[in-house]
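*Asks:* Sharing a structure here in structure tokens format.
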Amino acid sequence: MRFVLYEVTEDYDVIIKLSFENHTYLNAFIEQHTFEKKYEPKFLVLEFDSNGEIEFLSEYQGAEQTSRKFVAEYLE
């Protein structure tokens, strides 16, 4: 599984975009980046399956995951 992280503003303007090959590195970045900031960052994370298709969409407020949606349920 591959992860693409976007740090976004409240209006969903993209601040940064990064790609991670595993969940451990993704979580470590989110925790460290949140700790270093003087504000609580907002993240959107796309999780890709082995076929390169988006499987899940997650939202984080700081280091806390606030939602995680299975994308396929919206494609019907």
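*Asks:* With a point put 7 Å past each Cα toward its Cβ, work out how far Leu18 is from Ala72 in nm, to one decimal.
*Replies:* That separation, rounded to one decimal, is 3.0 nm.
*Asks:* With P(r) over Cα pairs in 5 Å bins from 0, in percent as the read-out, I listed (i) 3, 16, 26, 27, 16, 8, 3, 1, 0; (ii) 3, 12, 13, 26, 24, 13, 5, 2, 1, 0; (iii) 3, 18, 22, 24, 17, 10, 5, 1, 0; which label goes with the value calculated from this structure?
*Replies:* This structure yields the entry labelled (i).
*Asks:* Order the following by accessible area, largest value first: Asp49, Asp11. Probe radius 1.4 Å; ligands, DNA and RNA are ignored. If you can, show how the numbers build up before the last one.
*Replies:* Details: Asp49 45, Asp11 125 Å².
Correct descending sequence by accessible area is Asp11, Asp49.
*Asks:* For Phe56, which sequence-distant residues (separation of 5 or more, or a different chain) have an amide H within less than 5 Å of its own amide H, given hydrogens modelled in the peptide plane?
*Replies:* Answer set, sorted by chain and number: Glu47, Val71.
*Asks:* Using the Karplus curve 6.51 cos²θ - 1.76 cosθ + 1.60 with θ = phi - 60°, what ³J(HN,Hα) values do you get for each residue of the range 47-64, in whole Hz, with x for Gly and Pro?
*Replies:* 10, 9, 7, 5, 8, x, 9, 5, 9, 9, 10, 10, 10, 10, 10, x, 8, 9
*Asks:* Taking a point 7 angstrom from the Cα of Ala63 along the C-beta vector, which residues in the range 1-37 have backbone N less than 17 Å away?
*Replies:* Those under the cut-off are 23-37.
*Asks:* Helix 23-36: angle to the longest alpha-carbon principal axis of the chain, degrees 0 to 90, nearest 10?
*Replies:* In the chain, helix 23-36 runs at an angle near 30 degrees to the longest axis.
*Asks:* Given a 1.4 Å probe and heavy atoms of the protein chains only, how would you sort Ile16, Ile30, Ile54, largest accessible area at the top? List each step's numbers first, then the result.
*Replies:* Values: Ile16 50, Ile30 5, Ile54 75 Å².
Largest accessible area first, the residues go Ile54, Ile16, Ile30.
*Asks:* Just to confirm the filter: which trypsin sites (Lys or Arg not before Pro) across the chain are DSSP coil and have at most 13 other Cβ within 10 angstrom of their Cβ?
*Replies:* On the way: sites: Arg2, Lys17, Lys37, Lys38, Lys42, Arg68, Lys69; in loops: Lys37, Lys38.
Hits after loop and neighbour filter: Lys37, Lys38.
*Asks:* Quote the accessible area belonging to Glu47 in square angstrom, nearest 10, computed with a 1.4 Å probe and with ligands, DNA and RNA left uncounted.
*Replies:* 10 Å²
*Asks:* Which whole-number percent is the relative contact order of the chain (Cα, under 8 Å, 6+ apart)? Each step should come with its number before you reach the end.
*Replies:* Numbers: 132 pairs, mean separation 20.5, N = 76.
The normalised contact order for the chain reaches 27 percent.
The values are calculated or read from the model by the stated rules, or taken from the named source; none is laboratory data. Small disclaimer: the values here were computed from a predicted structure and weren't measured. Neighbour counts run over all protein chains shown; Cβ positions are idealised from the backbone, glycine included. Surface areas here come from the heavy atoms of the whole protein model, side chains and all, with no ligands, DNA or RNA. Shrake-Rupley method; radii C 1.70, N 1.55, O 1.52, S 1.80 Å.
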